[in-house]
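J.: Dumping the structure here so I can ask a few things about it.
The values are calculated or read from the model by the stated rules, or taken from the named source; none is laboratory data. No experiment lies behind these values; they were computed from the predicted model shown. Glycine also receives a Cβ, built like all others from the backbone with ideal geometry; neighbour counts cover every protein chain displayed. Quick note on the areas: whole protein, heavy atoms, side chains included, nothing else; ligands and nucleic acids left out. Shrake-Rupley method; radii C 1.70, N 1.55, O 1.52, S 1.80 Å.
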Amino acid sequence: MFVLWERGVARRARQPLVDVNLFRERTYWVGTLVAAALYGGFTGIFIVLSQFLQQGMHYSPLKASLCTVLFTVGSAVCGIISGRVVHRVGRPLVIVGTALTAVGLAANALIVGQSSVGDNMFLLTALPLLVAGCGAGCVIASNQTLALQLVPRGEGSTAAGVYQTGMKIGTSLGTALAGSLYFSHLLATHRDFPAAARTGLLGAAALASVAFLVALPGLTIPERRAAEAVVHVVEEAEPAR
């Protein structure tokens, strides 16, 4: 409905809120989808882990929060690094980052599902959460840079606003998905906390996997326009030889 409305506004020679022609640039719409799916994935884990650690493992709120701090540390450090090297490394940062996030979240889900009261969850989940955090950090800075680099300067603020809106929508949906999977499974299994947490965390990992599945072909397969340009240049060069 929003797209139809914006197209109608443009046809009436008025200024639309969002120029839908922005989405003709593949790196932009791919980057927006990747951001939405990735944020939906990793933000959903915090409500699940917080509930699981406090209710199922009887941790205090402070101790439960400390169990997830390595994700934040990895995300912050790798975010700084990726922001500095994105212009040299480019798209592989996004692809590898989404893969690491999905693998880390899936491994964390499987570990949590096998846990029991008395386990040291900080040590058990440290490595997968660190891996997931580093992957998310690699994507956060580099994906936004790549998504907006080909957007015309006059549309930069609008494009950035749409990109941020996609992130917020993904965050809302991801939190709702992980939370609903956790609580519904908890009710169905009569308070089997590890199994419920595993289900919720696997839902979050699935969203991160969607980000990878979007980024891999979207950022590696050459665009038709670019391929046609290369062929045209080669054909012009042949007679010269």
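J.: Can you give me the relative contact order of the stretch 1-101 as a percent, contacts being Cα pairs under 8 Å and 6 or more apart?
T.: 14
J.: I've got another one for you. Pull out a ≥ b ≥ c, the square roots of the eigenvalues of the alpha-carbon gyration tensor of the stretch 96-205, then state rounded if a/c is under 1.5, prolate if not and a/b is larger than b/c, and oblate in the remaining case.
T.: Oblate is the answer for the stretch 96-205, as a/c is 1.5 or above yet b/c matches or exceeds a/b.
J.: Suppose a student asked you for the relative contact order of the stretch 72-172, using Cα pairs under 8 Å spaced at least 6 residues apart; what percent would you report?
T.: Relative contact order for the stretch 72-172 comes out at 43 percent.
J.: Using only the alpha-carbon atoms, how far is helix 92-113 inclined from the longest principal axis of the chain? Give it as 0 to 90 degrees, nearest 10.
T.: 20
J.: If you take the charge dipole of the stretch 1-117 about its Cα centre, with +1 on Lys and Arg Cβ and -1 on Asp and Glu Cβ, which of Asn21, Leu100, Ile47 is farthest toward its positive end?
T.: Value computed over the given set: Asn21.
J.: Suppose R0 equals 41 Å. What FRET efficiency, 1/(1 + (r/R0)^6) with r the Cβ-Cβ distance, do Met1 and Val117 give to the nearest 0.05?
T.: Working from the Cβ atoms, E equals 0.25.
J.: How many nm is it between the label spots at Ser65 and Phe23, if each spot is 7 Å from the Cα in line with the beta carbon?
T.: The modelled label-to-label distance comes out at 3.9 nm.
J.: On to the next question. State the Cα centre-to-centre distance between the stretch 167-184 and the stretch 118-160 in whole Å.
T.: 18
J.: Something else: Under the definition of Cα pairs under 8 Å and six or more residues apart, what whole-number percent is the relative contact order of the chain?
T.: The value is 35 percent.
J.: For labels at Leu150 and Val77 in the simple 7 Å Cα→Cβ model, what's the distance in nm?
T.: Inter-label distance under the simple model: 3.4 nm.
J.: Same structure, new question: Expressed as a whole percentage, what fraction of the accessible surface of the stretch 1-159 belongs to carbon and sulfur atoms when a 1.4 Å probe is rolled over the protein heavy atoms?
T.: The value for the stretch 1-159 is 66 percent carbon and sulfur by accessible area.
J.: List, in order, the whole-Hz ³J(HN,Hα) value for each residue of the stretch 27-36 obtained from phi through the Karplus relation with A = 6.51, B = -1.76, C = 1.60 and θ = phi - 60°; use x for Gly and Pro.
T.: Rounded to whole hertz, the list is 4, 6, 6, 5, x, 5, 5, 4, 4, 4.
J.: Now for a different question. Measure off 7 Å from each Cα along the Cα-to-Cβ vector at Ser157 and Val9, then give the distance between these two points in nanometres to one decimal.
T.: So the label points at Ser157 and Val9 sit 1.5 nm apart.
J.: Which residues in the stretch 157-180 place their backbone N less than 15 Å from a point set 7 Å from the Cα of His87 along the Cα-to-Cβ direction?
T.: From the stretch 157-180, the list is empty.
J.: Could you work out [θ]222 nm for the chain from helices alone, using -39500 (n - 2.57) per DSSP H run of at least four and dividing by all its residues? Round to the nearest 500 deg cm²/dmol.
T.: Calculated at 222 nm, the ellipticity per residue is -27500 deg cm²/dmol.
J.: Check the chain for me: any Cys whose beta-carbon has no other cysteine beta-carbon within less than 4.7 Å?
T.: If one checks each Cβ against the other cysteines of the chain, Cys67, Cys138 turn up with nothing under 4.7 Å.
J.: Continuing with the same structure: Just how far, in whole angstrom, is the stretch 76-116 from the stretch 1-26 if you go by their alpha carbon centroids?
T.: Computed from Cα coordinates, the inter-centre distance equals 34 Å.
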